[in-house]
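Chemist: So that we are looking at the same thing, I have put the structure below in structure tokens.
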Amino acid sequence: MLRTARLIAAKDLRLELNSRVTAFQVLPFAVLLVVLFAFAFDADAKVLIPAAPGLFWIAVLLSLFLAVGRMFMTETADGALDALRLSSLDPAGIFLGKAVALLLELLLLEVVLLAGVLVLYDVSVPASGVVLLVTTAFATSVGLVATGTLYGVLSAGTTVRETLLPLLIGPVVAPLLIGASRAFEAALGTRRGLDGSVVVKVSEGWPWAGLLTVFALVYVAAGLLAFGALLEDA
Amino acid sequence: MEPVVHFSEAVAVHGRFPVLTGASLTVNPCEIVLLRGPNGAGKTSLLRACAGLLPVVQGIANVLGVDLTQDRKAVRARVGLLSHANGLYDDLTVTENVRFWGQTAGASDAEVKAALAELGLSGRLATVKVVKLSAGQRRRTALATVLARRPELWLLDEPHAGLDGDGRDLIDDVLRRAAAAGATILFASHELDRAEPLATRVVRIDAGRVVQPTC
Amino acid sequence: MNESNVLHTGTRGSRIIGILALIGLAWMVVFGLLISPPDEVQGDNVRYLYLHVPAAFLTFTAFGITAVSSILYLWKRTRSLTWDRIAGCSAEIGVVLTAVTLATGMLWGKLSWGVYWRWDALLTSTALLLVMFIGYLALRGLEASPEVRARRCAIVGIIAFLDVPLIHFSVNWWRTLHQPASIGPRKTTFDGPMLLSFFVSLVAFVLVYIWLMMHRNRLAMMEQAMDDHGLQMAIAERHAEAIA
């Protein structure tokens, strides 16, 4: 299984390296969202700063839809998915490989996106929040890519891929979004009282990070179990 | 010797559409069998059924000793299918594609290089992205991915499609060499003037039935 | 049940259930609107609950049946397209029930809390459950062979249902973490005629669900039979083509 995963992940990452679609199309889209949100909220710092954690994760989620769609489009464009089925590689390994490749792409996107949010919304990262921030981002991203890869292969074989994928993924990852937004809020100290003091402290974010880790593991387990069946039917 | 493919009145469905309605066919080792018939006759379906991708719901269907009605997944690793689509990744180079697909079957770097050489893809073309290739060059690349996996049974759907005269000669040489080395080849083609000299036997299929297993 | 023998969606059994369901609904109206008293605290608003609570209960039951049927389909020993059919039918009815649950809940909420919506765990979970099963039905509507469709939908259905506790838990945590425990209205105690009204409503809803399931199931069986028949005809036609 691990050998398969390495093979698949290497292939998907090489594809990204050669085409640079995630870097030069999905990532700019994510940053664009951050700008559009500012328009939506009238660039009002009183609204943007408390909303920043949530807006960040919405941008990540929408980018995930694009990235997953792109990943499976390369598989179905010339019948490669068929050939993957024929290769009788371990499906769990294929799932793992694709999820890892997607994870690396997403994490890179999040780093740049976070920089964008910090700059555009005038938010800063307190030193005490960095570990929480990184842990949260990692755990949430694992859960997101697991769900994305699983539903991605399901919708890959359909004619309604682009519209079905968000509808399936969205509700299922809602717990991740709730947890990640709250944890980021704690890590960044963006919720402040009327006197400007931080109302939600870093320590309050750790239970959320713990919850996210548990969820992430659950989603990965589900993906490992179900991917083979969905690949076969794609 | 055990036949490589043995179908008897096999019925296969694609969704709710019956694509094979009683296919009977025997292919022996090292044969190069041509499958011919009009469009929609079921040539592609028969190839896919042999590859274990299409479920056979009635009749007998054995490939390489595997009963396809029981466990069609078991045969997949041992066959090489070249379908209408090429199964290539547009943004990878020729070498990257052949290497990836070769490695899924455990091929070594040497075997990958050999496959590229045999299909005339070692020179300038080796580092070109597939998206930039002509249809014929893509077909050769796709065949190289099959060659790199060294399957026991080759299933080819219109292998000559999109190729010029030289390309077709190249493919014919590759297939003859593979058969001589012990592989069995079943291929579908419309281009009879090219296909018939290559084949050791011709089989006709029409409306999902094999009508004339000529010898 | 042999699919090819189904000619009508109604049977003697479903007619009996249907009549009982109508009686149950009538009883529910009488009890809910007339016989049971208005609540001390909520007044007449409580009557919405006679619809809302049973509907909510049935919603989760319906989707639970979908999830369990999906598991039974996926498990090799009990694999049968019957389970897939039941899963699909229950999901369709479930979606309608969810809409009723949310609508009555929102109307009750407007009268009791002053707002149509509150981001609490129950409402949010129900809303997301609705979206997930709309997605499930969208998947069901796609062209695919029965086995492929069954397997895909089974997996999606199970994941959707199992996700609900996760959603419920997260939302609960989320909403209780910062808000000081809200001082709610004095709790309504349900007893006597009110409890009976609930019970009557519940029975009525269950009967309606069963009646709908019976009809929808038989309809699905007829669709399946048509499909199978069509396949046999197609095979025969192709046969004839070849021989000709």
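Chemist: Which whole number gives the average, over all residues in B:88-96, of C-beta atoms from other chains lying within 10 Å of the residue C-beta? Present the calculation step by step, with values, prior to reporting the outcome.
Modeler: Details: counts 5, 11, 7, 10, 7, 2, 0, 0, 5.
Other-chain Cβ atoms within 10 Å of each residue's Cβ, averaged: 5.
Chemist: May I ask which of A:98/B:129; A:98/B:43; A:11/B:132; A:46/A:201 have a Cα-Cα span longer than 29 Å here?
Modeler: Details: A:98/B:129 21 Å; A:98/B:43 33 Å; A:11/B:132 19 Å; A:46/A:201 18 Å.
Among A:98/B:129; A:98/B:43; A:11/B:132; A:46/A:201, the Cα-Cα distance tops 29 Å for A:98/B:43.
Chemist: Next question. Across the residues of A:156-169, average count of Cβ atoms on other protein chains within 10 Å?
Modeler: 3
Chemist: Continuing with this model, one more query. Compute the separation of the alpha-carbon centres of segment A:158-190 and segment A:92-148 and state it in Å as a whole number.
Modeler: Computed from Cα coordinates, the inter-centre distance equals 12 Å.
Chemist: I'd like the orientation of helix A:174-188 relative to chain A: the angle between its Cα long axis and the longest Cα principal axis, in ° from 0 to 90, rounded to 10.
Modeler: With both axes taken from Cα atoms, the answer is about 40 degrees.
Chemist: Only Lys, Arg, Asp and Glu count, each charged at its Cβ (+1, +1, -1, -1), so figure out the dipole size of chain B about its Cα centre, rounded to 20 debye.
Modeler: The calculation lands at about 360 debye.
Chemist: Post the alpha-carbon centroid distance, segment B:1-52 to segment C:38-105, in whole angstrom.
Modeler: Cα centroid to Cα centroid, the span is 47 Å.
Chemist: Pull out a ≥ b ≥ c, the square roots of the eigenvalues of the alpha-carbon gyration tensor of the protein assembly as shown, then state rounded if a/c is under 1.5, prolate if not and a/b is larger than b/c, and oblate in the remaining case.
Modeler: On the way: a/c = 3.27, a/b = 1.43, b/c = 2.29.
In terms of gyration-tensor shape, oblate.
Chemist: Count, for each residue of B:80-86, the Cβ atoms from other chains sitting within 10 Å of its Cβ, then give me the mean as a whole number.
Modeler: Mean number of neighbouring Cβ atoms from other chains: 4.
Chemist: Residues in segment B:1-18, backbone N under 20 Å from the label point at residue C:229 (7 Å along the Cα-to-beta-carbon vector): list them, ranges by number please.
Modeler: B:16-18, by backbone N distance to the label point.
Chemist: For segment B:67-133, which GluC sites (Glu not before Pro) pass both filters: DSSP loop (anything but H, G, I, E, B) and at most 11 other C-beta atoms within 10 Å?
Modeler: For GluC sites (Glu not before Pro) across segment B:67-133 that sit outside H, G, I, E and B with at most 11 neighbouring Cβ atoms in 10 Å, the list is empty.
Chemist: Relative to the longest principal Cα axis of chain B, at what angle does helix B:94-104 sit, 0 to 90 degrees, rounded to 10?
Modeler: Roughly 50 degrees, rounded to the nearest 10.
Chemist: Taking chain A as the reference, fit the longest principal axis to its C-alpha atoms, fit the long axis of helix A:161-172 to the helix C-alpha atoms, and give the angle between the two in degrees, 0 to 90, nearest 10.
Modeler: In chain A, helix A:161-172 runs at an angle near 50 degrees to the longest axis.
Read-outs: derived from the displayed coordinates by stated rules, not from any lab. No experiment lies behind these values; they were computed from the predicted model shown. Reconstructed Cβ throughout: ideal geometry from the backbone, glycine too, with neighbour counts over all protein chains shown.
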